[in-house]
Amino acid sequence: MDRDALPKKPAELRALVRTGEWDTTTEGLAPGFVQANLAIVPKDLAFDFLLFCQRNSQPCPVLEVLEPGAYEPRETAPGADIRTDVPRYRIYEHGELVDEVTDISDRWQDDFVSFLLGCSFSFESAMLAAGIPLRHLQAGNDVPVYVTNRETTAAGAFSGPLVVSMRPIHHTQVVRAVQTTSRFPGVHGAPVHIGDPREIGITDLDDPQWGARTDVRDGEVPVFWACGVTPQAVALASKPPLMITHAAGHMFLTDLQDAHLAVL
């Protein structure tokens, strides 16, 4: 299905995802509405993961935590089904990616606790409104994402490296980009690093772990934001018996409006 023909309302887009008519990336969809990262763990790991999110609020800003076994996110998307309404899920077992699927109904357990975490796709609308161009959107690509040498703050069973997304910003607009995104702490907020990628352990900007390569042109500065793919790197590093996430770029579309997460 052509992106230009897609509906704009999150509920209508979720219906297409649920029926399998849309199973690819969600960047740029439902403009003005919050997209969310997803992490699902068994109940016996849920407190540890909640504590991990509390200690690492930039990569893992919590939008909603569902009750054990619940699959309707009543606060962020009433009527939705967390088991079917994400375009692609990744299943990790003991630190190994074992499967990528479009529906986890057959894997669902009554003790699963689902976490919806803010996503930087949501502050991109504000950046565009502020006159800051985003090249990956212009090219129709996913934002490039990298594993860094910065460690998250461990909590219980969970630890691992910080993951970041990168957007090249013209040097005259870097301050504006910081100011704009700082108003959205619920979707990662201000950048965590500006400038030389080697300082955070990224040796090759042309080789992102997720997403698509994006040029950094003359006069531009690479700017890095904490990323909600961090739980996937943590799953690989911490090796929990079972953890389910979204596939990078394949987000859950909520009914929350971006503007409602902005702070003055």
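The values are calculated or read from the model by the stated rules, or taken from the named source; none is laboratory data. Remember, it's a predicted structure, so these values are computed and weren't measured experimentally. Note that each Cβ is placed from the backbone with ideal geometry, even for glycine, and that neighbours are counted across all protein chains shown.
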- Would you be able to tell me the number of residues in the stretch 57-106 that are at positive phi and out of contact with any helix residue (DSSP H, G or I) (no Cβ under 9 Å at 6 or more places or on another chain)? 1
- Task: Go through the residues of the stretch 207-230 one by one and say whether even a single one is touching a Cys at 6+ places or on another chain (Cβ under 7 Å) and not aliphatic (A, V, I, L, M).
- Result: yes
- What residue, of Pro222, Pro208, Pro168, is surrounded by 13 or more Cβ atoms within 10 Å (Cβ to Cβ) and part of a loop (DSSP other than H, G, I, E, B)? Pro208
- Message: Among the residues of the stretch 180-210, what is the count of those that are of a type in the set (Lys, Arg) and at pLDDT below 95?
- Response: 1
- Message: For the stretch 73-98, give me the residue count where each residue is under 19 Å from the mean Cα position of the chain (by Cα) and not hydroxyl-bearing (Ser, Thr, Tyr).
- Response: 14
- Subset of the stretch 123-147 (residues that are of a type in the set (Gly, Ala, Ser), at pLDDT 90 or above and more than 16 Å from Phe184 (Cα to Cα)): Gly131
- Task: Go through (1) surrounded by 24 or more Cβ atoms within 10 Å (Cβ to Cβ); (2) farther than 30 Å from Thr203 by Cα and name the single condition Asp103 misses.
- Result: (1)
- Task: Run down Arg107, Arg74, Arg83, Arg88 and say which single residue is touching a His at 6+ places or on another chain (Cβ under 6 Å), closer than 26 Å to Glu21 by Cβ and either without any contact (Cβ under 8 Å) to a residue 12 or more places away in the chain or of a type in the set (D, E, K, R) (or both).
- Result: Arg88
- Could we say that Gln35 is polar (S, T, N, Q), crowded, with 22+ Cβ neighbours inside 10 Å and within 26 Å of Arg167 (Cβ to Cβ) here? yes
- Message: For the stretch 225-261, give me each residue that is surrounded by fewer than 17 Cβ atoms within 10 Å (Cβ to Cβ) and under 22 Å from Ala190 (Cα atoms).
- Response: Gln257, Ala259, His260
- Checking Val216 against (1) in a helix (DSSP H, G or I); (2) without any contact (Cβ under 8 Å) to a residue 60 or more places away in the chain, which test does it fail? (1)
- Extreme residue, surrounded by the most Cβ atoms within 10 Å (Cβ to Cβ), among residues of the stretch 191-205 that are assigned to a loop (DSSP other than H, G, I, E, B) and of a type outside the set (A, V, I, L, M): Pro191
- Scanning the stretch 11-32 for residues that are more than 16 Å from the chain's Cα centre (by Cα) and buried (at least 20 other Cβ atoms within 10 Å of the Cβ) gives Leu13, Arg14, Val17, Trp22
- Note on the structure: The condition from (1) within 19 Å of the chain's Cα centre (by Cα); (2) aliphatic (A, V, I, L, M); (3) part of a strand (DSSP E or B) that Ala126 misses is numbered (3)
